[in-house]
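Please read the structure below before turning to the comments.
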Amino acid sequence: MSFEAWRNYSNDDEALLLHGSAVSVGGSGLLILGPSGAGKSSLAIEMLALGAQLVSDDRVWLRASQNGLLLQAPDAIAGRIEARGLGLISCAHRSEASLKFCIDLSQYSDRRLPFVQEVTRLGHTVSVIPGGPDVPRAAALLLLLQNGFAAYD
């Protein structure tokens, strides 16, 4: 699922089941969107190897809470991630994370400082980062989850 498809969901829904992956660093969650075969699981695995925690792979529940949006795994797939060419792998996972950022692997920007879109779902706004093939992803996204964006002078 891409950001384009995601924005077609109604804000009246109580929860959304999205096609994507989600990881967490210290409770701060990253939702990874993109079409089938775009590398969502591969990016999640790279981030897990760097210290992130799995929230969910392939399907992700997005639910509203008083403090923002929560990412959760459907019970049937919790603690599993698919490694292309290897199959399903069991791993430790976090039951939920607070959504801080979303990266859309179907979006591409060749700008050094790409435009980050804002989207509102379930009454809360989240930053959607374009994540084309040339974006330095796993380590940079880990730092982003830990520290957020720097202010521009």
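Brief remarks on what is shown
- Segment 3-141 - Rg and Dmax from Cα coordinates, angstrom: 13.9, 40
- Percent breakdown of C-alpha pair distances by 5 Å bin, ordered from the shortest bin, for segment 83-153: 3, 11, 18, 23, 20, 13, 8, 2, 1, 0
- A helix-only calculation puts the chain at -4000 deg cm²/dmol for mean residue ellipticity at 222 nm, using -39500 (n - 2.57) for each DSSP H run of at least four residues, averaged over all residues.
- Restriction of the chymotrypsin sites (Phe, Trp or Tyr not before Pro) in segment 62-153 to DSSP coil positions whose beta-carbon has at most 15 other beta-carbons within 10 angstrom yields 108, 115, 149, 152.
- The longest stretch of the chain left intact once loop-based trypsin sites (Lys or Arg not before Pro) with at most 14 other Cβ atoms within 10 Å are removed from consideration, loops following DSSP, is 8-83.
Values in this text are rule-based calculations from the coordinates and carry no lab data. What you are looking at is a predicted structure, and each value in this text was computed from that prediction instead of being measured. Because the Cβ atoms are built from the backbone with ideal geometry, glycine has one as well, and the counts that use them run over all protein chains shown.
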